[in-house]
Amino acid sequence: MMPSTLMVSPSVEDAGLSEASDVLLINMLTKEKLAMTTASPIPAAERMRRHRERRREGMRCLFVELRETEIDALVRHGLLKTETRQDQNAIADALYDYLERTLDPVA
């Protein structure tokens with residue numbers, strides 16, 4: 001269910017953002033709020049099934065924290081476009097490319 005009104009905090013209004021920036025920020029906040037309210041957790045049995053399937057395929061699922069300087073390095077090396085540096089999927093793809101280039105291929 002979409003909220004009928006979205007309250008913007010005074011700190012956002014006082015920031016002096018342009019109208020386009022305001023709309024973008026409000027859209028981002030709305031999407032984030034909807035994602036938090038509509039996302040349902042994956043049941044434990046499904047998580048375990050996926051975990052075992054990845055293990056059989058020789059894969060691991062990890063969370064990786066990157067510094068801004070590491071993202072800068074991906075851009076410098078041509079693995080990530082500057083305009084996609086905030087896109088998590090683009091960063092993941094760039095990391096995959098980096099790993100494939102630097103590690104020996106799986107035989």
Considering only segment 51-82, how many residues are surrounded by 10 or more Cβ atoms within 10 Å (Cβ to Cβ), of a type in the set (D, E, K, R) and either part of a loop (DSSP other than H, G, I, E, B) or on the phi > 0 side of the Ramachandran plot (or both)? 1
Cβ pairs under 6 Å, 6+ apart, first in segment 50-65 and farther than 26 Å from residue 86 by Cα and without any contact (Cβ under 8 Å) to a residue 12 or more places away in the chain, second of a type in the set (Lys, Arg) and loosely packed, with under 10 Cβ neighbours inside 10 Å: none
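Each reported figure results from applying straightforward, stated rules to the coordinates on display, with no laboratory input. Quantities reported herein were computed from a predicted structural model and do not represent experimental measurements. Here the Cβ is made from the backbone with ideal geometry for all residues, glycine too, and neighbour counts use every protein chain on show.
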